[in-house]
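S.K.: One structure follows; several queries about it will come next.
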Amino acid sequence: MEIRAYCKMCGKPYIKRNGKSLFCSDACKKARIKQRYEAEKEERKAYAKRWREEHPDYYEQRKKTVPNYERDRWRKIRGSQEYTRECPICGETFTTWYPQKQTCSDACSRIRQKRYGVNQKKKDYHAE
Ligand SMILES: [Zn+2]
Ligand SMILES: [Zn+2]
């Protein structure tokens, strides 16, 4: 269905083929987005300025607490990737940041490799 409409940017009449389209061309659409961005830029600037005036010590405070902030952020990133698993060798529950890790410790990892490792598989293969 074709609808006659007026471009929201340049005001020219055009045929609306897409129900969502408000502009006669991509150029007008881009121009409108830019126009809106420019208008909001002033608003954002004014808001940021007002906010700084209302919180004069915020930046000073932040400067002082950056190391803590960074550490917390780092912990959060790593913490969000933490896995809780049960060690198949000793049965201990452990947490790890590595998705590949299956055992609680190097010792258990070695036992596991010996038990289920590549060498074992090879032996089984030859035994068949
Ligand atoms: Zn237009
Ligand atoms: Zn273990």
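S.K.: Evaluate the distance, in nm, between pseudo-label points positioned 7 Å from the Cα of residue 107 and of residue 39 along their respective Cα→Cβ axes.
M.R.: Roughly 7.0 nm, to one decimal.
S.K.: Need one number: nm distance between label points at residue 30 and residue 8, each 7 Å from Cα along Cα→Cβ, rounded to one decimal.
M.R.: About 1.9 nm separates the two model spin labels.
S.K.: Distance cut-off 23 Å, Cα to Cα: go down the list 8/34; 12/45; 12/34; 20/45 and report the pairs above it. Walk me through the intermediate numbers first.
M.R.: On the way: 8/34 13 Å; 12/45 33 Å; 12/34 19 Å; 20/45 31 Å.
In this structure, 12/45; 20/45 lie more than 23 Å apart at Cα.
Laboratory data are not the source of any read-out in this text; all were calculated from the coordinates shown. Quantities reported herein were computed from a predicted structural model and do not represent experimental measurements. Cβ: placed from backbone, ideal geometry, glycine included. Neighbour counts: every protein chain shown.
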